[in-house]
Amino acid sequence: GSDELLRIAACLEEHFPHSMAKAVVDAAKKKKLVHEELHSKVEYIVAHGISTTLEDKNGEKKAIIGSAHFVFEDEKCTIPEGKQDVFDALPPEYSHLYLAIDGALAAVICIEDPLRDEADGVVTALHRQGITKIVMMTGDSERTAAAIAGRVGVDEYYSEVLPEDKARFVDEEKKKGRKVIM
């Protein structure tokens, strides 16, 4: 059931210090699902997610949790038969965290990161003050980034960006002679 999958996600996420991880763990705690019955040893942590072996009474299974890129491209996980329609209908305004068990997608955790009410007003005000290029950079998926960028009116946006990409972007803009505020 979905509670069991949330419990698995929370047990994995404890090892993954990230704001999305905190949201998962908090949701599981609210439902009183987190207890240490599940023995997991984390095999590796990468920028996009984590992979581990879970042991329970039914034996061992490989579980991974992370971004779409990590789960589907790096780890070659598949969407179970008959579930493609559900997958395609996932709401784009949420951040999505994908949980796969033994190579098949088991759950998608939708995390709401609500847009602050003043966001579009701030962008408008910055434009009025003569700032010519307002860029949004986010680790979120292309679908989520496009939905939010459209609502706030930025000039450019970049999705699935890693922290080092942000630093590189700032350096490149400065080399072009631009003044950059971040």
(request) In nm, give the distance between the simple-model label positions of LYS176 and ASN58, each being 7 Å from the Cα along the Cα-to-Cβ direction. (result) 5.2
(message) For LYS174, give me every one of the aspartates and glutamates with a C-alpha distance below 20 angstrom, ignoring sequence neighbours fewer than eight places off in its own chain.
(response) ASP155, GLU156, GLU164, ASP165
(message) Between LYS29 and LEU115, what is 0.36 nm times their sequence separation minus the Cα-Cα distance? Round to one decimal in nm.
(response) 28.5 nm
(message) For the stretch 55-143, what does the relative contact order come out to in percent, with C-alpha contacts under 8 Å and a separation of six or more?
(response) 27
(request) Taking the dipole about the Cα centre of the stretch 49-182, with the C-beta of Lys and Arg at +1 and of Asp and Glu at -1, give me whichever of GLN84, PRO114, VAL71 is farthest to the positive side. (result) PRO114
(message) Could you tell me the relative contact order of the chain? Use alpha-carbon pairs under 8 Å, at least six residues apart, and round to a whole percent.
(response) 13
(request) Report the extension gain between HIS15 and GLU142 in nm, rounded to one decimal, defined as 0.36 nm multiplied by the number of residues separating them, less their alpha carbon distance. (result) 43.1 nm
(request) Classify the stretch 109-182 as rounded, prolate or oblate from the Cα gyration tensor: take a ≥ b ≥ c as the square roots of its eigenvalues, call it rounded if a/c is under 1.5, otherwise prolate when a/b beats b/c and oblate if not. (result) oblate
(request) Using Cα extents along the principal axes in Å as the read-out, say which of (1) 55, 54, 25; (2) 47, 40, 33; (3) 63, 31, 31 was calculated from these coordinates. (result) (3)
(message) I'd like the distance separating the alpha-carbon centroids of the stretch 84-99 and the stretch 132-182, in whole Å.
(response) 23
(message) On a full-extension model of 0.36 nm per residue, what is the gain between GLN84 and ILE131, subtracting their alpha-carbon distance, rounded to one decimal in nm?
(response) 12.6 nm
(request) Provide the per residue accessible area, probe 1.4 Å, for the chain, rounded to a whole number of square angstrom. (result) 62
(request) Given a cut-off of 27 Å, name the pairs among LYS30/LYS76; LYS30/LYS57; LYS32/LYS62; LYS29/LYS62; LYS29/LYS61; LYS30/LYS166 whose C-alpha atoms lie farther apart than that in the structure shown. (result) LYS30/LYS76; LYS30/LYS166
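The values are calculated or read from the model by the stated rules, or taken from the named source; none is laboratory data. Note that the coordinates shown come from a computational prediction; the quantities given were computed from them, not determined experimentally. Cβ coordinates were reconstructed from backbone atoms using ideal geometry, including for glycine residues, and neighbour counts include every protein chain displayed. Keep in mind that these areas ignore ligands, DNA and RNA; they rest on the heavy atoms of the full protein, side chains included. Shrake-Rupley method; radii C 1.70, N 1.55, O 1.52, S 1.80 Å.
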